[in-house]
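**Q** Please see the structure below; I have some questions.
What follows is calculated from the coordinates using simple rules that are stated; it is not laboratory data. Since this is a predicted model, take the numbers as computed values, not measurements. Don't worry about glycine lacking a Cβ; one is built from the backbone with ideal geometry, like all the others, and counts go over all protein chains shown.
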Amino acid sequence: MKEIPEQIRQIPLTEIDSFENHPFQIKLDDSMREMAQSIKSHGVQTPALVRQKEDDRYELISGHRRKAACEIAGIIEMPCIVRQLSRDEAVIAMVDTNLQRETILPSEKAKSYKMKLDALKRQGQRSDLTCYPSDNKLNGKKSLAVVGESSGDSQATVHRYIRLTELIPQVLEMVDSGKVALRPAVELSYLSQEEQEILAEAIDAEDCTPSHAQALKMRKFSLDGRLNEDVVFSIMQEEKPNQTDKFKIPQEKLRRFFPPGTSHEKMETTIIKALEFYRKRQLNKDSR
């Protein structure tokens, strides 16, 4: 089959489908609005990457934010590089190009690494996920190491992120917001779905998150078949070595002051700034 040379085409947005199970979020934030304004004024400067599907429509590999910005700006078509790629080649290209974004959530990296690893396996990787077949070892690199090549992550780091795909959505959202750190999150990923649901309830009720040591303890209890609601709450109520007294305000009382989806860190930063502003006003008032 003769290879068709790559070319840049102006393709109507209505003919471009988003990548199936695209793991990267497209947010309508200030950055997106700025991109839409730039595209409205100057057009799309960097072509998107697409492949032509069997139904003659196009699948977007790289450029989901550009496409969304075009839609906001009222642009009906965008320049695209049309590349001949199989489904698995498209998955690998989609992951590698999108991992170059400035900000990537742990859940996005986890899901994209899993997609790339599965694609590599379908292309002929060994089922034990350790290395390439003897006729295609790529200098002896292990498949998990190959997955992280484009972002510079080690085999061990890739494995940790892929483990996050075993977390239930409520816990994974806590990882994205920074409420639960990566190391304990990996240990929690070995809990069953029911055990994770109990943990999510305990986190809300106790208004605290498990340390790495507590997560390890839960994993051990789970492995022994002894992790239940009482054990989870008992572990969560243990005092951490570095724990200090905290002034707690239930999140439901704060949520009404913030847009939906605002992270715990963003709320905390905004509250501190508001208190600093209040303190300055009080000092100015007292000095009069």
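**Q** What distance in nm separates the two pseudo spin-label positions at Asn228 and Glu6, each 7 Å out from Cα along the beta-carbon direction?
**A** 6.0
**Q** Moving on. What is the helix-to-structure angle for 212-223, meaning the angle in degrees between its Cα long axis and the longest Cα principal axis of the chain, kept from 0 to 90 and rounded to the nearest 10?
**A** For 212-223 against the chain, the angle is about 80 degrees.
**Q** A follow-up question, please. Once label points are set 7 Å from the Cα along Cα→Cβ at both Thr165 and Glu15, what is their separation, rounded to one decimal in nm?
**A** Each label point is offset 7 Å from its Cα along the Cβ direction, giving 3.3 nm.
**Q** In nanometres, what is the gap between the two model label sites at Ile271 and Ser86, each 7 Å from Cα along Cα-to-Cβ?
**A** 5.3
**Q** Then there is this: Using just the helices of the chain, give the 222 nm mean residue ellipticity in deg cm²/dmol: DSSP H runs with n ≥ 4 each add -39,500 (n - 2.57), and the total is spread over all residues, rounded to 500.
**A** On the way: 13 runs with 143 residues, N = 288.
Helix contribution divided over all residues of the chain: -15000 deg cm²/dmol.
**Q** Next question, about the same structure. Please report Lys266, Lys142 as a ranked list, fewest other C-beta atoms within 10 angstrom at the top and most at the bottom.
**A** Details: Lys266 14, Lys142 17.
Fewest-to-most Cβ neighbours within 10 Å comes out as Lys266, Lys142.
**Q** For helix 264-286, what angle does its Cα long axis make with the longest principal axis of the chain, in degrees from 0 to 90 and rounded to 10?
**A** On a 0 to 90 degree scale, this one is about 50.
**Q** How much length, in nm to one decimal, is gained on full extension between Ser41 and Gln282, taken as 0.36 nm per residue of separation minus their Cα-Cα distance?
**A** This chain segment gains 82.2 nm when fully extended.
**Q** A further question follows. Lys111: net charge of surrounding residues, Cβ under 13 Å, Lys/Arg +1, Asp/Glu -1, itself excluded?
**A** Summing Lys/Arg as +1 and Asp/Glu as -1 gives -1.
**Q** Return the whole-Å distance between the Cα centroid of segment 191-224 and the Cα centroid of segment 27-88.
**A** 41
**Q** I would also like to ask the following. Which is the longest run of the chain containing none of the chymotrypsin sites (Phe, Trp or Tyr not before Pro) found in DSSP loop states (not H, G, I, E, B) with at most 12 other C-beta atoms within 10 Å?
**A** Details: sites that count: Phe247, Phe257.
With chymotrypsin sites (Phe, Trp or Tyr not before Pro) excluded where exposed in loops, the chain gives 1-246 as its longest stretch.
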